[in-house]
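Colleague: Just passing along the structure, written as C-alpha coordinates.
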(Lines give C-alpha, C1' and ligand atoms only; values in the text may rest on other atoms or scores of the structure.)
Protein backbone atom coordinates (compact mmCIF):
# COMPACT_ATOMS: atom_id res chain seq x y z
CA UNK A 1 0.00 0.00 0.00
CA UNK A 2 1.15 3.55 -0.61
CA UNK A 3 1.62 6.01 2.28
CA UNK A 4 -1.15 8.39 3.28
CA UNK A 5 0.98 11.28 4.49
CA UNK A 6 -1.53 14.06 4.10
CA UNK A 7 0.14 15.54 1.04
CA UNK A 8 -0.01 18.83 -0.69
CA UNK A 9 1.64 20.44 -3.67
CA UNK A 10 2.25 24.15 -3.58
CA UNK A 11 2.88 26.34 -6.58
CA UNK A 12 5.58 28.98 -6.49
CA UNK A 13 7.59 30.93 -9.04
CA UNK A 14 11.25 29.99 -8.72
CA UNK A 15 14.53 31.12 -10.20
CA UNK A 16 15.44 33.88 -12.62
CA UNK A 17 13.11 32.69 -15.38
CA UNK A 18 10.10 33.44 -13.24
CA UNK A 19 6.65 34.87 -13.69
CA UNK A 20 6.07 38.55 -13.44
CA UNK A 21 4.51 38.10 -10.03
CA UNK A 22 7.71 36.69 -8.56
CA UNK A 23 9.84 39.37 -10.12
CA UNK A 24 7.47 42.00 -8.78
CA UNK A 25 7.67 40.56 -5.27
CA UNK A 26 11.45 40.36 -5.31
CA UNK A 27 12.28 43.55 -7.18
CA UNK A 28 9.54 46.02 -6.29
CA UNK A 29 10.95 46.87 -2.82
CA UNK A 30 14.31 47.62 -4.46
CA UNK A 31 12.66 49.98 -6.94
CA UNK A 32 10.77 51.68 -4.11
CA UNK A 33 14.02 52.16 -2.20
CA UNK A 34 15.64 53.76 -5.25
CA UNK A 35 12.78 56.22 -5.62
CA UNK A 36 12.15 57.50 -2.10
CA UNK A 37 13.04 55.72 1.10
CA UNK A 38 11.40 56.81 4.36
CA UNK A 39 14.30 56.16 6.72
CA UNK A 40 15.08 59.87 7.15
CA UNK A 41 11.67 60.78 8.52
CA UNK A 42 11.91 58.12 11.25
CA UNK A 43 15.51 58.81 12.27
CA UNK A 44 14.51 62.27 13.49
CA UNK A 45 12.42 60.66 16.23
CA UNK A 46 14.94 58.17 17.63
CA UNK A 47 18.48 58.19 19.02
CA UNK A 48 21.35 56.28 17.47
CA UNK A 49 21.90 54.49 20.78
CA UNK A 50 18.33 53.12 20.54
CA UNK A 51 19.45 50.74 17.80
CA UNK A 52 23.16 50.48 18.58
CA UNK A 53 24.46 51.16 22.10
CA UNK A 54 27.91 51.81 20.63
CA UNK A 55 26.68 54.68 18.40
CA UNK A 56 26.13 58.34 19.29
CA UNK A 57 24.85 59.79 15.97
CA UNK A 58 23.57 59.05 12.48
CA UNK A 59 25.22 59.86 9.17
CA UNK A 60 23.36 60.85 6.03
CA UNK A 61 20.89 58.45 4.39
CA UNK A 62 22.56 57.24 1.21
CA UNK A 63 23.18 54.29 -1.06
CA UNK A 64 21.06 51.56 -2.61
CA UNK A 65 19.36 50.12 -0.63
CA UNK A 66 19.24 53.30 1.49
CA UNK A 67 20.91 53.28 4.91
CA UNK A 68 22.53 55.73 7.30
CA UNK A 69 25.90 55.13 8.91
CA UNK A 70 25.87 54.64 12.66
CA UNK A 71 28.66 56.79 14.04
CA UNK A 72 30.66 56.98 17.28
CA UNK A 73 32.86 60.02 17.56
CA UNK A 74 32.41 60.56 13.83
CA UNK A 75 33.64 57.05 12.94
CA UNK A 76 31.32 54.41 11.44
CA UNK A 77 30.38 51.47 13.65
CA UNK A 78 27.48 50.15 11.59
CA UNK A 79 24.40 51.03 9.57
CA UNK A 80 20.78 51.92 10.29
CA UNK A 81 18.03 51.07 7.82
CA UNK A 82 14.25 50.86 7.52
CA UNK A 83 12.96 47.38 6.72
CA UNK A 84 10.37 48.48 4.15
CA UNK A 85 12.96 50.61 2.31
CA UNK A 86 14.88 47.41 1.60
CA UNK A 87 12.31 44.60 1.30
CA UNK A 88 8.54 44.31 1.25
CA UNK A 89 7.30 44.35 4.85
CA UNK A 90 3.55 44.45 4.19
CA UNK A 91 1.69 43.07 7.20
CA UNK A 92 -1.70 41.45 7.78
CA UNK A 93 -3.31 44.90 7.49
CA UNK A 94 -2.03 45.34 3.93
CA UNK A 95 0.23 48.20 5.06
CA UNK A 96 3.97 48.10 5.87
CA UNK A 97 5.35 47.21 9.28
CA UNK A 98 8.21 49.70 9.56
CA UNK A 99 11.16 48.84 11.80
CA UNK A 100 14.43 50.74 12.03
CA UNK A 101 17.23 48.20 12.44
CA UNK A 102 20.88 48.61 13.36
CA UNK A 103 23.63 46.31 12.09
CA UNK A 104 27.32 46.50 12.98
CA UNK A 105 30.30 46.11 10.67
CA UNK A 106 30.41 42.35 11.32
CA UNK A 107 26.82 41.81 10.17
CA UNK A 108 25.30 41.54 13.65
CA UNK A 109 21.94 43.10 14.50
CA UNK A 110 22.59 45.58 17.31
CA UNK A 111 19.08 46.84 17.92
CA UNK A 112 15.70 47.55 16.36
CA UNK A 113 12.79 49.87 16.95
CA UNK A 114 9.21 49.50 15.73
CA UNK A 115 8.34 52.94 14.34
CA UNK A 116 5.07 52.39 12.44
CA UNK A 117 2.45 49.70 11.93
CA UNK A 118 -1.28 49.26 11.33
CA UNK A 119 -1.75 45.65 12.45
CA UNK A 120 -5.30 45.20 13.83
CA UNK A 121 -4.36 42.42 16.25
CA UNK A 122 -1.82 44.74 17.90
CA UNK A 123 -4.00 47.85 17.84
CA UNK A 124 -6.94 46.20 19.58
CA UNK A 125 -5.66 43.00 21.19
CA UNK A 126 -2.06 42.03 21.81
CA UNK A 127 0.00 44.59 23.78
CA UNK A 128 2.63 46.28 21.64
CA UNK A 129 5.18 45.50 24.35
CA UNK A 130 4.97 41.82 23.34
CA UNK A 131 5.72 42.69 19.73
CA UNK A 132 8.67 44.83 20.80
CA UNK A 133 9.96 42.00 23.00
CA UNK A 134 9.79 39.70 19.98
CA UNK A 135 11.74 42.21 17.89
CA UNK A 136 14.38 42.49 20.63
CA UNK A 137 14.93 38.73 20.29
CA UNK A 138 16.78 39.36 17.01
CA UNK A 139 19.44 41.51 18.66
CA UNK A 140 22.77 39.73 18.53
CA UNK A 141 21.89 37.66 15.49
CA UNK A 142 24.59 37.46 12.83
CA UNK A 143 22.41 37.36 9.76
CA UNK A 144 25.03 35.95 7.39
CA UNK A 145 26.40 33.30 9.73
CA UNK A 146 24.59 29.94 9.30
CA UNK A 147 26.01 28.32 12.43
CA UNK A 148 23.57 27.30 15.14
CA UNK A 149 25.43 29.31 17.76
CA UNK A 150 24.36 32.55 16.09
CA UNK A 151 20.73 31.64 15.44
CA UNK A 152 19.06 33.46 18.28
CA UNK A 153 15.93 31.88 19.79
CA UNK A 154 12.88 33.95 18.91
CA UNK A 155 9.43 33.15 20.35
CA UNK A 156 6.34 33.67 18.20
CA UNK A 157 3.62 35.77 19.84
CA UNK A 158 0.49 33.65 20.04
CA UNK A 159 -2.41 35.08 18.04
CA UNK A 160 -0.25 37.21 15.75
CA UNK A 161 1.47 34.58 13.63
CA UNK A 162 1.28 36.40 10.29
CA UNK A 163 2.51 39.67 11.80
CA UNK A 164 5.42 37.88 13.47
CA UNK A 165 6.42 36.13 10.26
CA UNK A 166 6.46 39.43 8.36
CA UNK A 167 8.64 40.99 11.06
CA UNK A 168 11.06 38.06 11.09
CA UNK A 169 11.33 37.89 7.30
CA UNK A 170 11.71 41.63 6.78
CA UNK A 171 14.29 42.12 9.54
CA UNK A 172 16.58 39.27 8.51
CA UNK A 173 16.23 39.72 4.74
CA UNK A 174 16.79 43.48 4.84
CA UNK A 175 19.79 43.02 7.15
CA UNK A 176 21.32 40.53 4.71
CA UNK A 177 20.82 42.94 1.80
CA UNK A 178 22.37 45.84 3.68
CA UNK A 179 25.34 43.72 4.79
CA UNK A 180 26.01 42.52 1.25
CA UNK A 181 25.49 45.90 -0.39
CA UNK A 182 27.94 47.55 2.06
CA UNK A 183 30.54 44.79 1.75
CA UNK A 184 30.55 43.99 5.45
CA UNK A 185 33.04 41.31 6.46
CA UNK A 186 30.57 38.46 6.90
CA UNK A 187 28.72 39.56 3.77
CA UNK A 188 31.85 39.49 1.62
CA UNK A 189 32.70 35.97 2.73
CA UNK A 190 29.13 34.82 2.17
CA UNK A 191 28.95 36.16 -1.37
CA UNK A 192 32.31 34.67 -2.33
CA UNK A 193 31.28 31.23 -1.10
CA UNK A 194 28.01 31.02 -3.01
CA UNK A 195 27.74 27.84 -5.11
CA UNK A 196 27.97 27.86 -8.88
CA UNK A 197 24.75 28.18 -10.88
CA UNK A 198 22.96 24.90 -11.52
CA UNK A 199 20.00 24.09 -13.77
CA UNK A 200 17.36 21.37 -13.44
CA UNK A 201 17.24 18.74 -16.17
CA UNK A 202 13.66 19.01 -17.45
CA UNK A 203 14.19 16.41 -20.20
CA UNK A 204 14.11 13.35 -17.93
CA UNK A 205 10.65 11.80 -17.64
CA UNK A 206 11.28 8.15 -16.66
CA UNK A 207 9.19 6.89 -13.73
CA UNK A 208 11.33 5.92 -10.71
CA UNK A 209 10.61 4.14 -7.43
CA UNK A 210 10.35 5.87 -4.06
CA UNK A 211 13.69 4.32 -3.08
CA UNK A 212 15.36 5.70 -6.20
CA UNK A 213 13.95 9.18 -5.61
CA UNK A 214 15.20 9.20 -2.03
CA UNK A 215 18.55 7.81 -3.07
CA UNK A 216 19.33 10.41 -5.72
CA UNK A 217 18.02 13.34 -3.67
CA UNK A 218 14.91 14.01 -5.77
CA UNK A 219 12.95 13.56 -2.53
CA UNK A 220 14.52 15.08 0.57
CA UNK A 221 13.62 13.98 4.08
CA UNK A 222 13.70 15.57 7.54
CA UNK A 223 12.93 13.22 10.46
CA UNK A 224 12.94 14.38 14.09
CA UNK A 225 12.20 12.22 17.14
CA UNK A 226 10.83 13.48 20.45
CA UNK A 227 14.28 13.24 22.02
CA UNK A 228 15.95 15.11 19.17
CA UNK A 229 13.36 17.86 19.52
CA UNK A 230 14.02 18.15 23.27
CA UNK A 231 17.76 18.31 22.58
CA UNK A 232 17.23 21.14 20.09
CA UNK A 233 15.29 23.15 22.67
CA UNK A 234 17.98 22.48 25.25
CA UNK A 235 20.50 24.09 22.90
CA UNK A 236 18.41 27.26 22.59
CA UNK A 237 18.51 27.90 26.32
CA UNK A 238 14.80 28.77 26.28
CA UNK A 239 13.77 27.96 29.86
CA UNK A 240 10.03 27.83 29.13
CA UNK A 241 10.50 25.33 26.28
CA UNK A 242 13.02 23.22 28.21
CA UNK A 243 10.54 22.91 31.09
CA UNK A 244 7.98 21.28 28.77
CA UNK A 245 9.63 18.23 27.17
CA UNK A 246 7.75 15.98 24.76
CA UNK A 247 5.61 13.29 26.35
CA UNK A 248 5.77 9.61 25.47
CA UNK A 249 8.46 7.49 23.89
CA UNK A 250 11.63 9.58 23.36
CA UNK A 251 12.40 7.63 20.18
CA UNK A 252 8.92 8.10 18.69
CA UNK A 253 8.60 10.31 15.63
CA UNK A 254 7.76 13.95 16.23
CA UNK A 255 7.72 14.82 12.55
CA UNK A 256 8.75 13.10 9.33
CA UNK A 257 8.67 15.46 6.36
CA UNK A 258 9.44 14.78 2.70
CA UNK A 259 9.85 17.51 0.06
CA UNK A 260 10.21 17.23 -3.71
CA UNK A 261 10.03 19.48 -6.76
CA UNK A 262 7.01 17.83 -8.32
CA UNK A 263 6.97 19.94 -11.48
CA UNK A 264 10.12 18.18 -12.74
CA UNK A 265 8.80 15.50 -15.14
CA UNK A 266 10.55 12.44 -13.76
CA UNK A 267 9.80 13.45 -10.15
CA UNK A 268 6.21 14.47 -10.75
CA UNK A 269 5.24 11.45 -12.84
CA UNK A 270 6.84 9.13 -10.28
CA UNK A 271 5.15 10.69 -7.24
CA UNK A 272 1.80 11.81 -8.66
CA UNK A 273 1.16 9.41 -11.52
CA UNK A 274 0.66 10.45 -15.12
CA UNK A 275 -2.91 11.73 -14.79
CA UNK A 276 -2.29 13.91 -11.72
CA UNK A 277 1.00 15.19 -13.11
CA UNK A 278 -0.64 16.19 -16.41
CA UNK A 279 -3.35 17.98 -14.46
CA UNK A 280 -0.69 19.80 -12.45
CA UNK A 281 1.15 20.93 -15.57
CA UNK A 282 -2.09 22.38 -16.97
CA UNK A 283 -2.63 24.38 -13.78
CA UNK A 284 0.88 25.84 -13.59
CA UNK A 285 1.55 29.14 -15.29
CA UNK A 286 4.75 29.64 -17.33
CA UNK A 287 7.76 29.77 -15.03
CA UNK A 288 5.93 28.35 -12.03
CA UNK A 289 7.02 25.25 -10.13
CA UNK A 290 5.20 22.89 -7.75
CA UNK A 291 6.61 21.60 -4.48
CA UNK A 292 5.21 18.43 -2.96
CA UNK A 293 5.28 18.28 0.85
CA UNK A 294 4.45 15.04 2.68
CA UNK A 295 4.15 14.91 6.44
CA UNK A 296 3.85 12.06 8.97
CA UNK A 297 3.85 12.25 12.77
CA UNK A 298 1.95 14.37 15.32
CA UNK A 299 3.43 17.70 14.18
CA UNK A 300 1.57 19.24 11.24
CA UNK A 301 3.49 21.10 8.55
CA UNK A 302 0.42 23.27 7.92
CA UNK A 303 0.66 25.16 11.21
CA UNK A 304 -1.81 27.23 13.20
CA UNK A 305 -1.58 30.13 10.76
CA UNK A 306 -3.18 27.96 8.08
CA UNK A 307 -6.23 27.34 10.27
CA UNK A 308 -6.71 31.00 11.23
CA UNK A 309 -5.55 32.88 8.16
CA UNK A 310 -4.78 30.45 5.35
CA UNK A 311 -1.00 30.92 5.56
CA UNK A 312 1.49 28.10 6.09
CA UNK A 313 3.58 29.51 8.92
CA UNK A 314 5.82 26.44 9.30
CA UNK A 315 7.06 26.24 5.71
CA UNK A 316 9.09 28.87 3.92
CA UNK A 317 11.08 28.80 0.68
CA UNK A 318 14.32 30.80 0.82
CA UNK A 319 15.92 32.29 -2.31
CA UNK A 320 19.05 34.32 -1.62
CA UNK A 321 17.81 37.28 0.48
CA UNK A 322 14.16 36.66 -0.42
CA UNK A 323 11.55 34.15 0.69
CA UNK A 324 8.18 32.79 -0.38
CA UNK A 325 5.38 32.01 2.07
CA UNK A 326 2.59 29.71 0.92
CA UNK A 327 -1.14 30.35 1.33
CA UNK A 328 -4.24 28.20 0.94
CA UNK A 329 -4.74 29.46 -2.62
CA UNK A 330 -1.42 27.78 -3.54
CA UNK A 331 -2.41 24.46 -2.03
CA UNK A 332 -3.95 21.23 -3.28
CA UNK A 333 -4.38 18.20 -1.06
CA UNK A 334 -3.40 14.76 -2.38
CA UNK A 335 -4.32 11.40 -0.91
CA UNK A 336 -1.29 9.20 -1.58
CA UNK A 337 2.08 8.82 -3.25
CA UNK A 338 2.02 6.99 -6.59
CA UNK A 339 5.67 5.86 -6.45
CA UNK A 340 6.33 2.13 -6.07
CA UNK A 341 8.07 0.46 -3.07
CA UNK A 342 6.80 2.75 -0.34
CA UNK A 343 4.56 1.01 2.19
CA UNK A 344 2.19 2.80 4.56
CA UNK A 345 3.81 3.82 7.81
CA UNK A 346 7.31 2.69 6.83
CA UNK A 347 10.47 4.68 6.27
CA UNK A 348 11.43 3.74 2.71
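The values are calculated or read from the model by the stated rules, or taken from the named source; none is laboratory data. Since this is a predicted model, take the numbers as computed values, not measurements. Every residue, glycine as well, gets a Cβ built from its backbone with ideal geometry; the counts of neighbours run over all protein chains shown.
Colleague: What are the pairs, 6+ residues apart or on separate chains, where a residue within the stretch 90-114 that is in the same structural domain as residue 48 (by TED's automatic domain parsing) and without any contact (Cβ under 8 Å) to a residue 24 or more places away in the chain has its Cβ under 7 Å from a residue that is part of a strand (DSSP E or B) and surrounded by fewer than 24 Cβ atoms within 10 Å (Cβ to Cβ)?
Modeller: Every condition considered, the pairs that remain are 96/90.
Colleague: Here is a follow-up. In the stretch 175-207, how many residues are in a loop (DSSP other than H, G, I, E, B) and either at pLDDT below 60 or surrounded by 12 or more Cβ atoms within 10 Å (Cβ to Cβ) (or both)?
Modeller: Summing the residues that are in a loop (DSSP other than H, G, I, E, B) and either at pLDDT below 60 or surrounded by 12 or more Cβ atoms within 10 Å (Cβ to Cβ) (or both) in the stretch 175-207 gives 9.
Colleague: Taking helices (runs of 4 or more DSSP H) that do not extend beyond the stretch 31-136, which have at least 1 residues that are surrounded by fewer than 22 Cβ atoms within 10 Å (Cβ to Cβ)?
Modeller: Details: elements: 39-43, 48-51, 83-86, 120-124, 128-136.
Output list reads 39-43, 48-51, 120-124, 128-136.
Colleague: Looking at the stretch 297-318, can you tell me whether even one residue there is over 21 Å from residue 171 (Cβ atoms), in a strand (DSSP E or B) and at pLDDT below 85?
Modeller: No - not one qualifying residue is present in the stretch 297-318.
Colleague: Taking the residues in the stretch 119-155 that are under 17 Å from residue 99 (Cα atoms) and within 14 Å of the chain's Cα centre (by Cα) as candidates, determine which candidate is modelled with the lowest pLDDT.
Modeller: 154
Colleague: Answer with yes or no whether residue 266 is touching a helix residue (DSSP H, G or I) at 6+ places or on another chain (Cβ under 9 Å), surrounded by 13 or more Cβ atoms within 10 Å (Cβ to Cβ), outside the structural domain of residue 161 (by TED's automatic domain parsing) and at pLDDT below 80. Break it down into steps so the answer makes sense when it comes.
Modeller: Numbers: touching a helix residue (DSSP H, G or I) at 6+ places or on another chain (Cβ under 9 Å): yes; surrounded by 13 or more Cβ atoms within 10 Å (Cβ to Cβ): yes; outside the structural domain of residue 161 (by TED's automatic domain parsing): yes; at pLDDT below 80: no.
The answer is no for residue 266.
Colleague: Within the stretch 237-263, restricting attention to residues that are assigned to a strand (DSSP E or B) and either touching a residue at least 60 places away in the same chain (Cβ under 8 Å) or outside the structural domain of residue 298 (by TED's automatic domain parsing) (or both), which residue is nearest to residue 201 (Cα to Cα)?
Modeller: Initial filter on the stretch 237-263 (assigned to a strand (DSSP E or B)): 253-261.
So of that shortlist, the ones also either touching a residue at least 60 places away in the same chain (Cβ under 8 Å) or outside the structural domain of residue 298 (by TED's automatic domain parsing) (or both) come out as 256, 258, 261.
Values: 256: 27, 258: 21, 261: 12 Å.
Here the residue is 261.
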